[in-house]
Amino acid sequence: MDDVLICIFHDQKRALPADQSDVLSRLSNIAYPEDYDTLLRLIRQKPYRLVAVITMDSTFPSDWKQVETLLPCPFFLMSGLSSSNFPALIAMIESLKDSLRITEVNDAFSESLAFIEEHLCDHQLTLEMVAAQIYVSKYHYSRIFQRYIGSGFKEYVINKRMQKAMSLLRRGHQVTEVCFAVGYNDITHFGRVFKKTFGGSPSAFRLKHEYPKMDKGVMV
């Protein structure tokens with residue numbers, strides 16, 4: 001994860017062992033700022049999602065503790081790093097990274113659902129199109145979708161479109177205009193999908209369920 005930064009402070013007598021440094025570098029960006037100003041420059045280079053500031057010394061330089069008031073992202077300070085507590089540090093970083101991944105997936109998935117809602121009327125709406133909006137492959141998005149929604153993408157979109165079609169028909173809109181308003185460009189196909197979903201044709205549903213004296217209003 002390249003948006004995680006680990007800043008390690010040490011004096012020349014207590015450098016981080018090479019094997020531990022290698023482990024940390026595989027988890028994140030790693031830097032060795034020599035002073036507080038360098039630390040701040042590193043942190044401000046990009047919007048990191050997690051910053052860890054650690055030292056092998058028993059305490060940080062006094063001015064380093066001010067960094068906690070300047071960070072807009074999750075962070076932690078750890079002093080007294082040693083071979084005995086190094087595994088705990090790794091576990092903490094991995095746990096925080098997992099939490100960030102979950103948050104990131106949740107945010108991106110919510111964004112994708114909003115995109116679907118906004119483009120229901122587009123007959124070219126596809127799984128690939130939505131996946132591209134959050135920069136993942138269609139295969140990965142399909143797995144995420146099934147996990148979060150409990151149904152496939154196609155089934156979800158059809159259900160959303162049919163619910164919208166039902167609402168528009170109740171408000172007295174003509175079957176043809178409803179067909180196009182919910183993303184179908186073939187009225188016969190729209191009729192088949194509607195009948196499969198609700199057990200009857202769109203026109204029959206409209207006659208039976210149209211709200212009396214209802215102002216059609218805007219088709220939304």
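Report, by residue number, each residue of the stretch 125-174 that is of a type in the set (Val, Ile, Thr) and in contact (Cβ under 8 Å) with a residue 40 or more places away in the chain. Spell out the reasoning first.
First, the residues of the stretch 125-174 that are of a type in the set (Val, Ile, Thr): 126, 130, 134, 136, 144, 149, 157-158.
Once the filter is applied, which keeps residues that are of a type in the set (Val, Ile, Thr) and in contact (Cβ under 8 Å) with a residue 40 or more places away in the chain, the stretch 125-174 yields only 157.
Suppose we keep only residues that are among the charged types (D, E, K, R) and over 29 Å from residue 187 (Cβ atoms) within the stretch 139-160. Which one would you say is surrounded by the most Cβ atoms within 10 Å (Cβ to Cβ)? This residue is 143.
Being surrounded by 15 or more Cβ atoms within 10 Å (Cβ to Cβ) and either modelled with pLDDT under 75 or in contact with an Asp or Glu (Cβ under 6 Å, 6 or more places away or on another chain) (or both) is the filter here; which residues of the stretch 94-112 pass it?
Residues of the stretch 94-112 surrounded by 15 or more Cβ atoms within 10 Å (Cβ to Cβ): 96-97, 100, 105, 108-109, 112.
Scanning the stretch 94-112 gives 96, 97, 100, 105.
Against the criterion of being at pLDDT 80 or above, within 19 Å of the chain's Cα centre (by Cα) and not assigned by TED's automatic domain parsing to the domain that holds residue 9, residue 169 does not qualify.
In the condition set (1) out of contact with any Lys or Arg (no Cβ under 7 Å at 6 or more places or on another chain); (2) of a type in the set (A, V, I, L, M); (3) surrounded by 11 or more Cβ atoms within 10 Å (Cβ to Cβ); (4) modelled with pLDDT of 75 or more, residue 91 is compliant with all but (3).
Condition first: closer than 27 Å to residue 105 by Cβ and of a type in the set (Ser, Thr, Tyr). Can you find one or more residues in the stretch 152-160 that meet it? Steps first, answer last, please.
So the first thing to find is which residues in the stretch 152-160 are closer than 27 Å to residue 105 by Cβ, and the list is 152-160.
If we keep only those that are of a type in the set (Ser, Thr, Tyr) too, we end up with 156.
There is at least one residue in the stretch 152-160 that is closer than 27 Å to residue 105 by Cβ and of a type in the set (Ser, Thr, Tyr).
For residue 136, only one of the following conditions fails: (1) more than 30 Å from residue 26 (Cα to Cα); (2) modelled with pLDDT under 90; (3) surrounded by 15 or more Cβ atoms within 10 Å (Cβ to Cβ). What is its number? Checking residue 136 against (1) more than 30 Å from residue 26 (Cα to Cα); (2) modelled with pLDDT under 90; (3) surrounded by 15 or more Cβ atoms within 10 Å (Cβ to Cβ), the one that fails is (1). Summed over the stretch 175-190, residues that are in contact (Cβ under 8 Å) with a residue 12 or more places away in the chain and surrounded by fewer than 17 Cβ atoms within 10 Å (Cβ to Cβ) total 4. For the stretch 119-128, the criterion of a residue being surrounded by fewer than 16 Cβ atoms within 10 Å (Cβ to Cβ), in a helix (DSSP H, G or I) and in contact with a Lys or Arg (Cβ under 7 Å, 6 or more places away or on another chain) is satisfied by at least one position.
The values are calculated or read from the model by the stated rules, or taken from the named source; none is laboratory data. Please read all numbers here as calculations on a predicted model, not as lab measurements. We place every Cβ from the backbone using ideal geometry, glycine too, and count neighbours over all the protein chains shown.
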